[in-house]
């Protein structure tokens, strides 16, 4: 560790400064470009960068070493305590040389307890693989990370997130408050709360019940949200599920596929869920979506389609428009820059709507409710003649954006290119309208007549929608 | 997290005593490597939330493939190799990625990491000793900043500095810590 690079104080200072800046939530582009060049070209810079990352990880872990999962009373104490506790924790980190080792050995000691020994006799079905900010319900069994989870056991939490992995390759994320129980190796009950499940090929047939519905996986990712005594919402992100319900006025039996969502009330008929937001439903990307899920600009998205016509939803992603971001709720397509310059800067980091590509066969109008003045962009497929509503209300920016048409099924995965200018299949033009007051904007249809064909056979794609803060005309030169 | 592939338990887990032995050995090895895996993943994701996600995937992958692990090889090297590919896979799947890290740079960082021969416990311990030497106020800033994962705006209010002043302060502290660690390891 005595290489001369560390005597290069200037380089250390520069790399450290840039690293800290670029790992902030809103880094300055020039700083990151500079860091990128240094890391690409200078081995010494790479060493300094790696060491500073190690230091950062140590510092973060020192703080998280407050308590891996102490008794609930202690958890509450720590959560409600002041900075002093954090500083004490940092001091504790100095004393405790290996937090994780202690955690694991602590876990092993716990494993020797009579309770765990008893559970070992039960059939091993899964493990709790992660706990985040969990507050257990009163009288609930409290689990530790990597603890066993057997049939008959329940997860009851007031808050936080629990990730569970079952032997049949089903992975479940629960967000509190929630009450979840494993009824058998292939069946679970969600009494209330939110979960997202991803079931591998071995888990086809895995069932999640709620007081209102029965959901049988057919190889999929799906979310469930149960409000006790009120309703169950089911959202399919990938693959398909079979949904049935005896609740409501009319018994329900239907298959939901990717991009579809239904609201099943305790009383009344089920209806389509028009819009999915990260703060309302758990998504497969959770917990990653926590940072990007909430839109401050888009209040709501709706359309003129009735529940009898479709169960497809729109998904609003705040600050999420970037390279390789998913374009549609019902296709695995991605937005990308058409050349190495990447996505037009004006769009980067914008809030956007994942529309559904089956929309393209319908005479659909999308209504977008904006919370404040904004710049609205429509990304329109160059293969389709420009419709009048677009020409009338929008200006063609001259920017292009690419669509990487990824085709994924459960057996064969055709991976997309990563980053700009890779595997671009289609080009879309970017149209812009400045909206000076908070209002509802109607976006028109891409065709004048509905087609009675399989949308997968139509070689056109639905438009995308991106919303950014209203661009100050004086700053427009930047773009 | 690696969704939907493989089984949680190993083929060797046909009975409980074997399973227990495997789990104990796995926990022992992982416990030793955890502090190396986290910073390694962090260096190539550049984001702490992503790091936690990828590290969790790595743990799962290691556990799933533990029956294939050859005890004659370094568990750390095996874990890093899995971590490297998990990050690449993750970058393909997920939305977020830092603009300053492309695949070429990640590959170079990976090579450099190997050259560094896993800067391990010595650095960790040295940093902790250096933390002790900080002024109490500076130590509090570090503690608060990393407890909140860098929410400068919230912390700047607490400590009565502007966001930019806090950023500069933190930078100076980190530079001081870096220098202190290097002197200890020299």
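The values are calculated or read from the model by the stated rules, or taken from the named source; none is laboratory data. These numbers come from a predicted model, not from an experiment. Here the Cβ positions follow ideal geometry from the backbone for every residue, glycine too, while neighbour counts run over all protein chains shown.
Overview of values
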| read-out | value |
| --- | --- |
| Region A:459-479, subset closer than 18 Å to residue A:369 by Cβ and more than 22 Å from the chain's Cα centre (by Cα), residue modelled with the highest pLDDT | A:469 |
| 2 or more residues surrounded by 21 or more Cβ atoms within 10 Å (Cβ to Cβ): qualifying strands (runs of 3 or more DSSP E) within region A:180-285 | A:187-198, A:214-227, A:231-245, A:261-265 |
| Residues within region B:98-119 that are more than 9 Å from chain A (Cβ to nearest Cβ) and either modelled with pLDDT under 70 or touching a strand residue (DSSP E or B) at 6+ places or on another chain (Cβ under 7 Å) (or both), tallied | 2 |
| Failed criterion for residue A:223 (all others in (1) at pLDDT 90 or above; (2) within 14 Å of chain B (Cβ to nearest Cβ); (3) over 22 Å from residue B:63 (Cβ atoms); (4) over 21 Å from the mean Cα position of the chain (by Cα) hold) | (4) |
| Selection status of residue A:264, at pLDDT 90 or above and farther than 30 Å from residue B:52 by Cα | yes |
| Residue B:149 at pLDDT 70 or above and either surrounded by fewer than 17 Cβ atoms within 10 Å (Cβ to Cβ) or more than 9 Å from chain A (Cβ to nearest Cβ) (or both) | no |
| Single residue of A:308, A:300 found to be more than 8 Å from every other protein chain (Cβ to nearest Cβ) and at pLDDT below 85 | A:308 |
| Extreme residue, nearest to residue B:110 (Cα to Cα), among residues of region A:21-46 that are buried (at least 22 other Cβ atoms within 10 Å of the Cβ) and within 7 Å of chain B (Cβ to nearest Cβ) | A:46 |
| Residue match in region B:34-43 (condition: surrounded by 20 or more Cβ atoms within 10 Å (Cβ to Cβ), facing another protein chain (nearest Cβ under 9 Å), modelled with pLDDT under 80 and not in a helix (DSSP H, G or I)) | no |
| Residue A:67 being under 28 Å from residue B:125 (Cβ atoms) and at pLDDT below 75 | yes |
